[in-house]
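Everything below concerns the one structure shown next.
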Amino acid sequence: MAVVLAGCADLKRLVTPSAPPEPPAAKREPSPPPPATPPASPPVLSPQIGRGDEDRLRREANTRIQKTEQIVAQIDRKRLAKEQVDTYSTIQNFLSNAKEALAALDFPRASNLADKAQILAEDLLRSVR
């Protein structure tokens, strides 16, 4: 029985793969640096604008938002085709995001979103008439 057990130990050593040899220190690749921890919040990539530009952009955004809301009020949503309903929803999203940008004092973004909403609203109104 001892011979069988001893034979099993030798058999196990022959069957178990051994670890590959370590490369010499000179040929070893450096381990990659640990991943950098991301910043707590992403940096804002808004352009720097002057006080006069801020006032102008705020006024423009407010004017466009009001104009767009007037246009949207003229549209009977019940009479819109599927594509037009999607456009109507997009307009509402742009308006909502423009108002949020105004509240966050991000006037360039607010102006841009309000402009997009107005253009879409004017196109939609033309297509339903």
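The values are calculated or read from the model by the stated rules, or taken from the named source; none is laboratory data. Because the structure is predicted, anything quoted here is derived from the model rather than measured. No Cβ is skipped: glycine too gets one built from the backbone with ideal geometry, and neighbour counts run over all protein chains shown. SASA here: full protein model, heavy atoms, side chains in, ligands and nucleic acids out. Shrake-Rupley method; radii C 1.70, N 1.55, O 1.52, S 1.80 Å.
Give me the net charge of Ala61's neighbourhood, meaning all other residues with Cβ under 10 Å from the Cβ of Ala61; Lys, Arg count +1, Asp, Glu -1. Please report the intermediate quantities before stating the final value.
Working: positive: Arg56, Arg58, Arg59, Arg64, Lys99, Arg109; negative: Glu60, Asp106, Asp115.
With Lys, Arg at +1 and Asp, Glu at -1, the neighbours total +3.
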In order over the range 84-96: 3J(HN,Hα) from phi, Karplus 6.51/-1.76/1.60, θ = phi - 60°, whole Hz, x for each Gly or Pro, gives 5, 5, 4, 5, 4, 5, 4, 4, 4, 5, 4, 4, 4
Ordering Ser127, Ser89 by how much accessible area each has at a 1.4 Å probe, largest first, what is the list?
Ser127, Ser89
Which value, in debye to the nearest 20, describes the size of the charge dipole of the range 59-103 about its Cα centre when Lys and Arg Cβ atoms bear +1, Asp and Glu Cβ atoms bear -1, and nothing else is charged?
120 debye
What distance in nm separates the two pseudo spin-label positions at Asp86 and Thr63, each 7 Å out from Cα along the beta-carbon direction?
3.3 nm
